Structure formats: C-alpha cells, structure tokens
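Below is one structure; the comments refer to it alone.
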C-alpha cells in the first residue's frame, strides 16, 4: 500500500497549531519548574500560571472582538450600499424609441448601438 504524503492546507494548518500549542505547554512547564525551584509554593505557582493564561486569553479576545466589530460594520455598510462602487444597473443601456429611432440609448439620450440613418430596410 502506498503512503499518502500530500497534506492539504487544513491539515498543515492543524499541524502548525498543534506544534504551537505543544510549544506553549512546554513553555508553561518550564516556567512552572523554574518558579518551583525558586522556592515559590505550588499553589502560588499555579495561580501565577493561571493568571498569565487569563491575561493572554483576555487580550486575544479583546483585540479579536474589535477586529470582528470592524469587519461587521464594513459588511453592514457594504450591504446597505454605502460604498464607492457605482451601481452598474443605473448605467446600463436601455432599448427605447429615441431621436434616432428605436435602439440602445444611454442615460444622456445618446444612441450607442451602430446604426445608419440613411439605410432603409
């Protein structure tokens, strides 16, 4: 049986997150050992480590919330049509009877399709 060596981007991203998580847990264990070897009681060490985790998570949530709020405001503004993108429906040519006969006319009343006024069908 052949081994599947190709990994899609989701698998690669998951592996990267897993390695980062293991690295953070290793850093936490090294800090815990260093604090215990410095003479701090285990309860104080655990409280300090938990406090650091809570501060980090609170910071990520705070800035993540602001990014999400800005993205939400942009989506709402774009959905309401408050953008600089001109409406292409307003600029479309329309079939109508104008000064030069039946044809395609723009919003200013000029005929835009090729025509020959001298040619009779």
Can you give me the distance in nm between label points at residue 17 and residue 32, each placed 7 Å from the Cα along the Cα-to-Cβ direction? 2.3 nm
Cβ-Cβ FRET estimate between residue 78 and residue 118, R0 fixed at 35 Å, reported to 0.05: 0.10
At a threshold of 8 angstrom on Cα-Cα distance, excluding pairs fewer than six apart, so keeping six or more, what relative contact order does the chain reach in percent? 9 percent
Once the Cα atoms of helix 42-80 and of the chain are each reduced to a long axis, what angle between those two axes, in degrees from 0 to 90 to the nearest 10, is obtained? 0 degrees
Per residue Cα convex hull volume in Å³ - calculated over the chain: 253 Å³
Multiplying the sequence separation of residue 62 and residue 24 by 0.36 nm and subtracting their Cα-Cα distance, what value in nm do you get? 11.7 nm
Kindly express, to the nearest 10 degrees and within the range 0 to 90, the angle between helix 9-37's C-alpha long axis and the longest C-alpha principal axis of the chain. 30 degrees
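None of the figures in this text is laboratory data; all of them are computed from the coordinates on show. Every value quoted in this text rests on a predicted model; they were computed, and no experiment measured them. All Cβ positions, even for glycine, are placed from backbone atoms using ideal geometry, and neighbour counts span all protein chains on display.
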